[in-house]
1. Just the accessible area for W175, please: 1.4 Å probe, Å², rounded to the nearest 10?
2. Could you compute how much accessible surface H63 exposes when probed at 1.4 Å, giving the result in Å² to the nearest 10?
3. Please state the charge dipole magnitude for the chain, taken about the Cα centre, from unit charges on C-beta atoms (+1 on K and R, -1 on D and E), reported in debye and rounded to the nearest 20.
4. Apply the a/c threshold of 1.5 to the C-alpha gyration tensor of segment 94-224 and tell me whether it is rounded, prolate or oblate.
5. Can you compute the helix-only [θ] at 222 nm over the chain? Use -39500 (n - 2.57) per DSSP H run of at least 4 residues, normalise by all residues, nearest 500 deg cm²/dmol.
6. Determine the percent antiparallel among the DSSP beta bridges restricted to the chain, to the nearest 5.
7. When a/c reaches 1.5 or more, the comparison of a/b and b/c decides; with that in mind, is segment 18-149 rounded, prolate or oblate per its Cα gyration tensor?
8. Would you mind getting the accessible area per residue of segment 87-209, heavy atoms of the protein chains only, 1.4 Å probe, in Å²?
Amino acid sequence: MPQPHATPKRLHLGAFMRPVSIHTAAWRYPGGTPDANFNLKALIRYAQTLERGRFDAFFMADHLAVLNMPMEALKRSATVTSFDPLTLLPALAMHTERLGLIATASTTFEPPYTIARRFASLDHISGGRAGWNLVTTSNPDAALNFGMDEQMEHAERYARAREFFDVVTGLWDSWADDAFIRDVESGVYFDPDKLHVLNHKGRYLKVRGPLNIARPIQGWPVMVQAGASDAGRQLAAETAEVVFAAGGPIEAGRAFYADVKARAAKVGRNPDHIKILPGAFTIIGESLQEAQEKRARLDGLVSYDSGMAALSIAIGTDARKFDPDGPLPEIPETNQSKSGRERVIALAEREKLTVRQLAGRLGGYGGLAMMGTPRMIADQMEEWLVTGASDGFNVMFPYLPGGLDDFVDKVVPELQRRGLFRTEYEGTTLRENLGLPRPENRFFAAAAKAAE
């Protein structure tokens with residue numbers, strides 16, 4: 001029997017589950033679940049399968065607009081109806097025990113008090129398994145749903161997000177861990193000396209506090225960030241504990257990994273306390289040819305309109321005005337995602353793709369794809385881990401439930417055999433399973449240390 005590979009590191013695996021597949025044609029794949037994004041029983045089953053596979057977390061992206069593409073493309077989208085992440089995840093918490101539950105919430109539109117309260121509630125309901133994917137929303141169509149005529153400028157969105165982080169974490173620290181004494185005899189419910197009123201008055205936000213919920217079980221829910229622009233990387237270095245990076249060539253992965261870890265060290269953080277998890281689209285077959293045939297079948301279900309819509313969103317301008325059989329022309333910067341635009345331009349240049357070919361790729365999924373047998377996929381994941389390109393992956397399944405079942409039943413055992421992935425959870429909280437420390441309460445840290 002082959003011996004497990006000797007490596008000091010183990011992979012962390014999140015699952016990208018909103019939409020349940022990043023591929024726009026997943027709902028059409030034979031044997032798939034067309035309504036998976038809005039099917040609670042199916043989503044519960046997926047979460048339980050992930051927990052059986054010892055995944056770190058179920059990760060939900062979010063979008064705040066429906067009318068963000070031409071109707072010919074929109075009518076083919078399975079994501080126009082889906083659950084609000086912070087409504088669904090408490091329900092999934094009732095059907096799982098160890099799986100982390102990470103939700104996206106925007107700092108551009110939502111008030112910090114509400115976000116702090118909802119994530120603290122999720123952390124208590126789940127027994128310490130919550131994570132917050134802090135995002136700045138770039139979609140101009142979303143702005144129209146929140147009383148704004150146009151989106152906030154990119155740099156300003158990130159400046160607001162940085163202040164937002166300080167406010168939300170400050171609200172989570174409103175109460176000392178032992179503030180609620182609940183002394184039935186004296187009738188005293190909490191110790192006033194263990195309550196802090198934030199009284200934040202900043203450039204963008206004004207919040208008095210305190211939060212009307214006890215400090216989260218994890219101290220703070222795990223902080224997640226996904227921006228890859230310079231501002232996004234800096235925000236991640238200062239605030240994030242998990243970074244969901246864009247997948248691409250492994251050389252780019254190593255450069256991103258080194259950059260974010262170096263930035264974290266520069267601001268006085270332990271780089272090991274930031275886990276870099278690139279997105280990885282996985283297609284599994286009994287052979288490489290079978291996996292490639294599955295991918296071809298899946299991509300063949302993508303309409304041209306959907307591909308052009310995906311391309312237009314990525315570059316921030318209507319791609320239908322370009323020659324479909326010519327190269328991608330020079331694309332000026334817009335107020336939308338800078339890193340997304342740069343990735344598409346780099347992909348077009350690297351593979352010499354026409355606009356039509358690029359649209360076809362993006363209409364399915366244009367990022368890091370791992371195809372082949374379970375052993376081949378494990379080889380690729382191991383290379384990323386041991387060569388300093390990632391700490392694991394945010395796994396994207398080609399269709400549900402088959403693509404998820406294949407990964408858990410075939411790839412996970414291969415990773416475990418090599419000693420690259422856990423066979424049992426390390427603890428009960430998401431922080432314990434990710435190997436992250438519980439943050440001190442900034443307002444009561446001295447008192448807590450004195451009591452030890």
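1. 20 Å²
2. 70 Å²
3. The calculation lands at about 120 debye.
4. Cα axes put segment 94-224 in the oblate bin.
5. Numbers: 17 runs with 175 residues, N = 452.
Only helices count here, giving -11500 deg cm²/dmol.
6. Antiparallel bridges make up about 15 percent of those DSSP assigns within the chain.
7. In terms of gyration-tensor shape, oblate.
8. That works out to 46 Å² per residue.
The values are calculated or read from the model by the stated rules, or taken from the named source; none is laboratory data. Everything quoted here is computed from the prediction, not taken from an experiment. Note that we place each Cβ from the backbone using ideal geometry, even for glycine, and neighbour counts take in every protein chain shown. Accessible surface areas use protein heavy atoms only, side chains included; no ligands, DNA or RNA. Shrake-Rupley method; radii C 1.70, N 1.55, O 1.52, S 1.80 Å.
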